[in-house]
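Down below is the structure, laid out as structure tokens.
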Amino acid sequence: MFTGIVEELGEVIRLTDAGGDSAVIAVRGPLVTSDAGHGDSIAVNGVCLTVIDNEDGVFTADVMGETLRRSSLGALTVGSQVNLERAAALNSRLGGHLVQGHVDGVARIIAREPADQWEVVRFSLPAELAKYVVEKGSITVDGVSLTVMDVTADSFAVGMIPATSKLTVLGSKAIGDPVNLEVDVIAKYVEKMLGSRNV
């Protein structure tokens, strides 16, 4: 479980084909690896990955084909910057919202509108996820917990403060770039519970 508060920008230093449409990714992240051990979870652009090795500030993780197909991780190359977050500890503050690290879909940036001290960024919204996205609700974009400012049938917008632009990959992404989306898991549970009621 994560909170959507990115701890550091990491760098992909190696991508190795592991056969059977899977890969091994090696990411440099001195902060998130400082206390990471084999089997720990680290979110990479919002995708929960399991550490298989950690040495000299670089961790490696297996990425199966399903993850490559359903997220934007398949588009990463050596040198790509990525958002990194360690799994939340039970005694820590929940600065963002409950994030599982399970990507629900991939969207694209469709507009960026600068303002005085912040920026409005609009993303495409896959049709199957639209029902879970509400104004003032939480959404995770590339592992970043954000608040929805506006939502239409096929897009949503968020306000991005300078710190978010500077400290995450969202600041350097261009129109057309893919991003990972994770909707609020509470909305999915509510849908399931209401759908199972006898009316």
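Yes/no per residue for (1) in contact with a strand residue (DSSP E or B) (Cβ under 8 Å, 6 or more places away or on another chain); (2) surrounded by fewer than 19 Cβ atoms within 10 Å (Cβ to Cβ):
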site: 129; (1), (2): yes, yes
site: 135; (1), (2): yes, yes
site: 159; (1), (2): yes, yes
site: 163; (1), (2): no, yes
site: 177; (1), (2): yes, yes
site: 181; (1), (2): yes, no
site: 189; (1), (2): no, yes
Just need a number here: residues in segment 30-42 that are open to solvent by 10 Å² or more (accessible area, probe 1.4 Å) and of a type in the set (A, V, I, L, M, F, W, C).
2
Open to solvent by 10 Å² or more (accessible area, probe 1.4 Å), closer than 24 Å to residue 164 by Cα and part of a loop (DSSP other than H, G, I, E, B) - does that describe any residue in segment 14-29?
no
Select from segment 106-127 the residues that are modelled with pLDDT under 95 and either hydrophobic (A, V, I, L, M, F, W, C) or in contact with a Gly (Cβ under 7 Å, 6 or more places away or on another chain) (or both) and write down the one among them that is most open to solvent (accessible area, probe 1.4 Å).
118
Return yes or no: is residue 147 β-branched (Val, Ile, Thr), surrounded by fewer than 16 Cβ atoms within 10 Å (Cβ to Cβ) and in a strand (DSSP E or B)?
yes
Yes or no: segment 95-110 includes at least one residue that is closer than 21 Å to residue 171 by Cα, touching a residue at least 40 places away in the same chain (Cβ under 8 Å) and of a type in the set (Asp, Glu).
no
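The values are calculated or read from the model by the stated rules, or taken from the named source; none is laboratory data. Owing to the predicted nature of the structure, the values given are computational and were not obtained by experimental measurement. We place every Cβ from the backbone using ideal geometry, glycine too, and count neighbours over all the protein chains shown. When the accessible area is computed, the model is the full protein with side chains, heavy atoms only, and any ligands, DNA or RNA have been set aside. Shrake-Rupley method; radii C 1.70, N 1.55, O 1.52, S 1.80 Å.
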